[in-house]
Every structure is written in C-alpha cells, then in structure tokens.
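These notes are about the structure you will find just below.
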Amino acid sequence: MCAVRGLTKTYAAVRGRRGAPGTPEVRATDDVALDIRRGEIFGLLGPNGAGKSTLVRQLTGLMRPDRGSVEILGHDIVAHPERAARILAYLGQESSALDELTVALAAETTGRLRGLDLRRARAERDAVLDELGLAPIAGRPLKKLSGGQRRLACFAAALVGERPLLVLDEPTTGMDPVARRAVWSAVDRRRAEHGTTVLAVDRRRAEHGTTVLLVTHNVIEAETVLDRVAVLDQGRVIACDTPAGLKERVAGEVRVELVWRENAPMQVPEVAALRQRAVEAGRRWTLRLAPEEARAAVATVTGGAAFAALDDFTLATPSLEDVYLALGGAARQGLVRA
Amino acid sequence: MSAVPAGVAARPAPAAEDTGAGRAAELGPRARLWPSLAAVYRAQLSRARVARIPLLFVATFQSVGIMIMMRGVVSGGGEAEYVVSGASVVVVAYVALNLLSQYFGQLRFSGGLDHYATLPVPPAAVVLGAAAAYASFTVPGTMVTAVFGCLLFGLPLGNLWVLLAVVPLAGAALSGLGAACGLLAPRPELATLLGQLGMSAALLLGVLPPDRMPEAVRFARDLLPSTYGVEAYARTFGGSPNWAYVAGDMAVCAGVGVVSLAVATWAYRRAAVR
Ligand SMILES: Nc1ncnc2c1ncn2[C@@H]1O[C@H](COP(=O)(O)OP(=O)(O)OP(=O)(O)O)[C@@H](O)[C@H]1O
Ligand SMILES: [Mg+2]
C-alpha cells in the first residue's frame with residue numbers, strides 16, 4: 001500500500017553566526033526503500049536523530065525529498081503532496097496547533113477540516129473520545145492536561161475522519177516516567193472494555209483494513225505492537241523484518257547487564273577481559289554473549305573480589321535493542337526500554 | 001532544499017489521474033472552503049477567548065492610557081477626533097498585526113503548521129479563519145476604547161456604528177499583514193519583532209494628529225493601512241461627513257486586506273511544504 005524507493009533527503013549545512021558554531025550538512029534520509037503492506041502495523045525504530053521524523057514527513061507530503069519516490073495507495077506523493085492529506089491521518093511530534101483548544105473542539109475541528117460535515121464530525125468525535133476514555137476531560141484545553149493526556153487527545157484528533165493509513169510519530173512519548181506508567185496501565189486496564197490506543201488501532205484494522213505506520217524509539221512498544229519493523233540508523237534502514245525475525249538474528253546470544261558499586265574491579269583478569277566486549281554507561285556494563293560465555297561471566301562476577309564490587313546483575317534474552325546494536329547501530333544509548 | 005511550486009498544491013486534481021493502470025485508491029473528501037473556514041474561525045475564537053483575553057485588556061488599557069495622556073496635549077475638536085479614532089484602531093492593530101504575526105510565527109516554527117498541512121483544507125480557510133477570528137476578537141476592545149474616548153473628549157457617540165465597518169476592514173488589512181509577517185519571517189523572533197514594529201508604527205502614526213507631523217512622517221503615515229481606518233472613523237465625527245471619502249478610506253483598507261490576505265495565503269502554502 002505504501003512503497004518507498006531511493007528516498008534521500010539532506011538538510012543543508014548552516015553557517016555559524018558570530019561565534020556560534022554552524023551545523024554540518026546532515027543526510028537525514030539516505031536511500032531508503034520500504035514496502036508497507038495493507039493492514040499491518042509497521043514500525044520505524046531508531047534512536048534520536050536517526051531520521052524517523054524526517055522520513056515520515058516525506059511520506060506525508062510535508063517535506064519534499066531530494067530524490068526518490070513515495071507511492072501510497074497508487075498515488076505519487078512526491079508529485080502530488082497535497083493528496084497525502086486525503087489518504088492518511090498524521091499525528092506529528094508537535095501539538096502546538098491544538099494546544100489551546102479543548103479536547104472536544106480539537107477533535108471536532110480536525111474532523112471538519114478532514115472534510116466531515118458538522119454532524120458527522122460531532123458523532124465521530126464523541127465515539128472516539130469515548131473509545132479512548134477521554135470523555136471526562138473533553139471540556140479541558142489541551143494545554144492544561146498532562147503530557148500523556150495531551151498526547152492521547154492528539155491521537156483522538158488523528159482518528160476523527162477515518163483514513164486508510166495512520167502515520168503516528170511517537171504517539172506515546174513526551175510523558176515523564178510516572179505519566180508513562182499511568183498511561184500504559186490505563187491501556188492495560190481498559191484493553192478489554194472501552195478501547196485504548198492499542199485496541200482502537202486494532203479495531204480499526206479489523207473493520208477497515210487501516211494500515212498504521214508507527215514511529216518509536218521504545219523497543220518494548222516495538223516488540224509488542226508491531227507486525228514488522230524497519231530499524232533506522234543515521235538515515236539508513238539497517239534491517240526490516242518482524243520483531244521475532246529480527247530477534248532471530250541474535251537468538252544465540254544472552255544479554256548480561258552488570259552494575260558496579262563504584263568502579264569495576266579491573267584487577268580481576270576475567271573482568272578486564274569482559275570490558276573489551278562491554279558497552280559502558282557509567283557504572284553499567286551491557287554485554288551480548290554466547291550462553292556458555294554468559295555462564296562463565298556470571299560465575300566470575302558472583303565469586304571472589306568481583307562480587308564485592310558488584311551492585312546488581314541481570315541476564316535476559318535479547319531485545320530489539322540488542323538487534324540494533326548487533327546491526328552496528330551507532331547510537332549506544334538511543335533506544336528506550338520502558 | 002526544494003519548495004513545491006504554489007500551483008501544485010493549489011491545483012485541484014481528479015482523484016485518480018496519472019497514477020497508472022487505474023489502481024490508485026479513491027481519495028478521501030476535500031474540506032470545502034466555507035465549512036472549514038467556519039471551523040477554523042470557531043476554533044481560533046475559542047483559543048483567543050482562553051488565551052488572549054488578558055492581552056485584549058492590555059490593548060484596551062494601552063489605548064485608554066494614551067487618550068488620557070493626550071488630553072493635556074490636544075486642543076479638542078478635530079485633533080481629539082483623530083486621537084479617539086487612532087486609539088480605537090490601535091486595539092485592532094495590537095491584536096491583528098502583533099498577536100497574529102506572533103501566532104503564525106510560532107505555529108510555523110514549532111511545527112504546528114504540519115497539523116493543518118496534513119488535513120485536506122484549503123490554505124485560504126486557515127489564514128482567513130484565523131484572521132477573521134483575531135479581527136472579531138478586537139470588537140469589544142475597540143468599542144470600549146471609542147466610547148471612553150468620546151466621553152473623555154466630549155465627542156458624539158452617534159457615529160459609533162462606523163466602527164462596525166472599520167474593524168473588519170482594517171482588521172482584514174492588518175491581520176493579513178500580520179499573518180504574512182509571521183509566515184514569511186525567517187525566524188520566530190523576527191515575526192514577533194515585525195508584528196511589534198508594525199503595531200508601534202500604527203500607534204505612533206495613528207494617534208497623533210497628522211497636522212503636526214513633518215512631511216516625511218506624514219508620508220509614512222499614508223503608507224500604513226491602519227491610517228485609512230483611522231481616517232474613516234475620524235471623518236464621521238463632524239456634522240455632515242463626506243461619505244465618499246469615508247467609503248474611499250474603507251475601500252483602501254479592503255484593497256490592502258485582499259492583497260495582504262492573498263500574500264498570507266501564498267506564504268502559508270509555501271511554509272506548509274518544505
Ligand atoms: N530542520 C532541520 N534542519 C537541519 N537538520 C535537521 C532538521 N531537522 C532534523 N535535522 C537533523 O536530521 C537528523 C534526523 O532528524 P529527525 O528529526 O528525523 O530524527 P528522529 O529520528 O525523528 O529523532 P527523534 O527520535 O528525536 O524524534 C538529525 O541529525 C537532526 O539533527
Ligand atoms: Mg522525531
């Protein structure tokens with residue numbers, strides 16, 4: 001339903017002004033090719049600055065690529081960017097256009113601007129607000145809501161006036177850890193009854209064959225929600241498969257995380273050797289090891305001098321984050337597990 | 001970086017043209033001009049109500065303060081008419097020029113335009129809806145200022161209705177300029193600055209009686225669209241106003257309004273696709 005070929009976009013270099021350093025040219029989308037199938041939830045996963053937003057902005061007709069083609073449901077979006085608005089609904093990373101409206105008016109106005117008449121817009125608004133559990137705060141301005149509620153309200157606006165393709169740029173981000181937990185548990189709690197972000201997407205898919213393109217840097221979200229995922233790094237697609245298929249690639253490995261109390265006990269030779277293979281973040285080391293290596297490593301750190309210096313350790317099967325690192329992803333800390 | 005030629009975004013295209021083999025899916029409906037204009041207007045008015053009422057107070061107090069200060073300076077009569085008229089129109093300039101350029105500047109740089117640009121809404125509906133909402137939002141402040149000024153200077157209140165024509169026409173001209181500034185400025189601070197400069201010009205050149213101005217300043221005054229709103233209202237205080245001149249002034253406002261709103265619409269389209 002959506003075919004992307006050879007898509008390339010470079011942000012021009014900016015010259016520094018009066019002492020302020022300039023920024024070099026950035027190739028934010030580098031020869032990207034994608035095929036999104038009808039009815040699937042397709043994810044773009046990558047760390048900050050990987051080029052996810054730049055890519056979806058080209059798919060939504062907001063930005064002209066330097067090169068390449070975008071075809072959605074048979075329409076050439078590069079030649080006719082204005083058609084994108086009639087094929088897809090887009091939830092951007094910014095909500096500033098809606099911030100001062102109430103939740104209800106934001107949804108209704110968006111529906112009207114999506115071509116619904118007043119009666120339809122209101123009916124769909126009510127249905128979507130109910131579906132997402134937003135009815136109790138329908139009368140409040142977005143600006144006065146928590147980050148999570150605001151994001152959900154913007155998501156509601158994106159759903160009014162149905163489109164065969166939903167493009168969602170980090171729909172669940174912008175929330176502090178507490179709000180994020182609250183939202184995920186609310187999602188879980190309501191999954192069965194009222195409908196939630198995830199359920200709403202599912203229901204839409206079943207009835208209308210809606211396709212979803214979801215941008216995320218959250219690997220847990222990616223693993224649980226997505227049918228297929230393209231891993232993006234520095235503007236390039238470095239892998240594209242189902243989450244399970246991607247994890248196959250590192251199936252023979254175990255993730256070991258070590259947290260030291262202060263400094264790693266480098267006087268222990270085994271620990272010094274482990275360091276070569278670790279990704280370090282302060283006191284935390286992350287290693288991907290073969291199962292028998294992992295066993296040896298655990299034996300080392302749970303005995304003798306090393307154990308005295310150890311604060312915590314975990315063993316886990318690999319996640320998409322490990323896939324990203326195994327594929328040579330450049331950003332070491334970019335992906336979120338939450 | 002490439003920009004879409006304005007014509008591409010504007011040209012209405014039949015749903016499935018030149019996409020090969022007729023496999024292109026049907027497009028969703030396009031939002032029509034008037035309904036979407038009404039929707040934008042309504043949303044913007046509610047936004048303005050929530051967020052801008054304190055600013056309207058500021059604008060009104062500012063104009064009232066100016067009139068009180070000017071009371072010691074002007075000699076009454078014809079000059080007072082200019083002061084009251086100028087102070088009333090400054091409220092429009094404050095909201096339509098200053099606040100609207102700020103709004104569009106911020107919307108553009110925060111990425112808020114993406115929201116509208118990914119909806120099938122005619123650019124004119126977004127620009128006109130916002131401009132109309134900001135302009136009509138100024139009506140109470142303008143009225144309060146005018147009534148206060150007339151009482152203060154002992155001027156008649158019978159011609160107050162003229163403002164009902166002056167506000168939308170001057171509002172169209174000034175909000176078109178404001179929107180264009182906001183959408184064309186290379187940086188948001190510049191958009192704010194341009195709006196404020198325009199509003200200062202409207203203030204300085206609008207409330208001072210023109211007879212006292214040097215030639216060059218009077219020329220600058222003639223270039224400012226708000227001047228014609230000021231003139232139109234000021235002319236109607238006398239016993240038998242020359243309605244042809246009044247109509248002429250309003251026509252200038254309307255003309256500038258059409259042009260500036262067209263420029264703003266073009267600027268919106270340019271800003272929406274980068
Ligand atoms: N307007 C711009 N001008 C210049 N460079 C830009 C611009 N927008 C983005 N970039 C650069 O392009 C790259 C890709 O940015 P993009 O916003 O697409 O990343 P992203 O994957 O969406 O990141 P995030 O997860 O933080 O949203 C980054 O290196 C960024 O600095
Ligand atoms: Mg992004």
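The values are calculated or read from the model by the stated rules, or taken from the named source; none is laboratory data. This one's a predicted model, so the numbers in the text were calculated from it and none came from an experiment. Positions of Cβ are backbone-derived with ideal geometry, glycine not excepted, and every protein chain shown enters the neighbour counts. Remember, those area values only see protein heavy atoms, side chains included, never the ligands or the DNA or RNA. Shrake-Rupley method; radii C 1.70, N 1.55, O 1.52, S 1.80 Å.
Does residue B:206 qualify as being buried (at least 19 other Cβ atoms within 10 Å of the Cβ) and within 27 Å of residue B:68 (Cβ to Cβ)? Spell out the reasoning first.
On the way: buried (at least 19 other Cβ atoms within 10 Å of the Cβ): yes; within 27 Å of residue B:68 (Cβ to Cβ): yes.
The answer is yes for residue B:206.
Within segment B:20-29, track down each residue that is within 15 Å of residue A:110 (Cα to Cα) and either crowded, with 20+ Cβ neighbours inside 10 Å or modelled with pLDDT of 90 or more (or both). Give the steps one after another, and end with the answer.
To start, the set of residues in segment B:20-29 that are within 15 Å of residue A:110 (Cα to Cα) comprises B:28-29.
Listed by number, the list holds a single entry, B:28.
Residue A:79: without any contact (Cβ under 8 Å) to a residue 24 or more places away in the chain, at the interface with chain B (Cβ under 10 Å from one of its Cβ atoms), open to solvent by 10 Å² or more (accessible area, probe 1.4 Å) and within 9 Å of ligand 1 (Cβ to nearest atom), yes or no? Criteria not met by residue A:79.
A quick yes/no check of all residues on (1) within 27 Å of residue B:267 (Cα to Cα); (2) among the aromatic types (Phe, Trp, Tyr); (3) open to solvent by 80 Å² or more (accessible area, probe 1.4 Å); (4) at pLDDT 85 or above:
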{"site": "B:9", "(1), (2), (3), (4)": "yes, no, no, no"}
{"site": "B:31", "(1), (2), (3), (4)": "yes, no, no, yes"}
{"site": "B:35", "(1), (2), (3), (4)": "yes, no, no, yes"}
{"site": "B:38", "(1), (2), (3), (4)": "yes, no, no, yes"}
{"site": "B:52", "(1), (2), (3), (4)": "yes, no, no, no"}
{"site": "B:55", "(1), (2), (3), (4)": "yes, no, no, no"}
{"site": "B:58", "(1), (2), (3), (4)": "no, no, no, yes"}
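Looking only at segment A:115-174, residues that are under 12 Å from residue A:95 (Cβ atoms), of a type in the set (D, E, K, R), open to solvent by less than 40 Å² (accessible area, probe 1.4 Å) and more than 11 Å from chain B (Cβ to nearest Cβ) come to 2 in all.
Mind checking whether some residue in segment B:87-97 is within 13 Å of another protein chain (Cβ to nearest Cβ), within 21 Å of residue B:53 (Cβ to Cβ) and not aromatic (Phe, Trp, Tyr)?
At the first step, the residues of segment B:87-97 found to be within 13 Å of another protein chain (Cβ to nearest Cβ) are none.
No, that holds for no residue.
Applying the condition of being β-branched (Val, Ile, Thr) and in contact with a Cys (Cβ under 8 Å, 6 or more places away or on another chain) to segment A:49-76 and asking which residue is farthest from ligand 1 (Cβ to nearest atom) yields A:72. In this entry, residue B:104 passes the filter for residues that are over 13 Å from residue B:62 (Cα atoms), open to solvent by less than 10 Å² (accessible area, probe 1.4 Å) and either within 12 Å of another protein chain (Cβ to nearest Cβ) or basic (Lys, Arg) (or both). Selection of first residues in segment A:29-54 that are within 13 Å of residue A:166 (Cβ to Cβ) and assigned by TED's automatic domain parsing to the domain that holds residue A:223 and of second residues that are within 8 Å of ligand 1 (Cβ to nearest atom) and open to solvent by less than 30 Å² (accessible area, probe 1.4 Å), restricted to Cβ pairs under 8 Å at least 6 apart or on distinct chains, gives the following pairs, ordered by first then second residue: A:43/A:215.
Just one residue in the set A:22, A:16, A:46 is farther than 23 Å from residue B:273 by Cα, away from chain B (no Cβ under 14 Å), open to solvent by 10 Å² or more (accessible area, probe 1.4 Å) and within 12 Å of ligand 1 (Cβ to nearest atom); that residue is A:22.
When you go through A:214, A:232, A:258 one by one, which is the residue that is crowded, with 23+ Cβ neighbours inside 10 Å and not assigned by TED's automatic domain parsing to the domain that holds residue A:8? Please lay out each step first, then the result.
On the way: A:214 fails: not assigned by TED's automatic domain parsing to the domain that holds residue A:8; A:232 fails: not assigned by TED's automatic domain parsing to the domain that holds residue A:8.
A:258 is the lone residue from the list that is crowded, with 23+ Cβ neighbours inside 10 Å and not assigned by TED's automatic domain parsing to the domain that holds residue A:8.
Residues that are under 21 Å from residue B:197 (Cβ atoms) and open to solvent by 10 Å² or more (accessible area, probe 1.4 Å) within segment B:107-134 comprise B:108, B:109, listed in sequence order.
Of a type outside the set (Gly, Ala, Ser), open to solvent by less than 60 Å² (accessible area, probe 1.4 Å) and assigned to a helix (DSSP H, G or I): does that describe residue B:217? So residue B:217 fits the description; yes.
If the condition is being open to solvent by less than 70 Å² (accessible area, probe 1.4 Å), closer than 16 Å to residue A:237 by Cα and of a type outside the set (Ser, Thr, Tyr), then segment A:25-43 contributes A:28, A:30, A:32, A:33, A:34, A:36, A:42, A:43. Filtering A:109, A:102, A:10 for residues that are away from ligand 2 (no atom under 16 Å from the Cβ), out of contact with any strand residue (DSSP E or B) (no Cβ under 6 Å at 6 or more places or on another chain), within 11 Å of another protein chain (Cβ to nearest Cβ) and of a type in the set (Val, Ile, Thr) leaves a single hit, A:109. Taking segment A:165-273 as the region of interest, the helices (runs of 4 or more DSSP H) fully inside it that hold 1 or more residues being more than 16 Å from ligand 1 (Cβ to nearest atom), at pLDDT below 75 and farther than 21 Å from residue A:50 by Cβ are A:177-190, A:197-208.
Can you say whether residue A:33 is at pLDDT 95 or above and away from ligand 2 (no atom under 13 Å from the Cβ), as far as the supplied structure shows?
Numbers: at pLDDT 95 or above: yes; away from ligand 2 (no atom under 13 Å from the Cβ): yes.
Yes; evaluated as a whole, the condition is true for this residue.
Right, residue A:89: more than 15 Å from ligand 2 (Cβ to nearest atom) and surrounded by 24 or more Cβ atoms within 10 Å (Cβ to Cβ) or not?
Details: more than 15 Å from ligand 2 (Cβ to nearest atom): yes; surrounded by 24 or more Cβ atoms within 10 Å (Cβ to Cβ): yes.
It is true that residue A:89 is more than 15 Å from ligand 2 (Cβ to nearest atom) and surrounded by 24 or more Cβ atoms within 10 Å (Cβ to Cβ).
Restricting segment A:58-69 to residues that are more than 8 Å from every other protein chain (Cβ to nearest Cβ) and farther than 14 Å from residue A:85 by Cα, which is most open to solvent (accessible area, probe 1.4 Å)? Residue satisfying both the conditions and the ranking: A:67.
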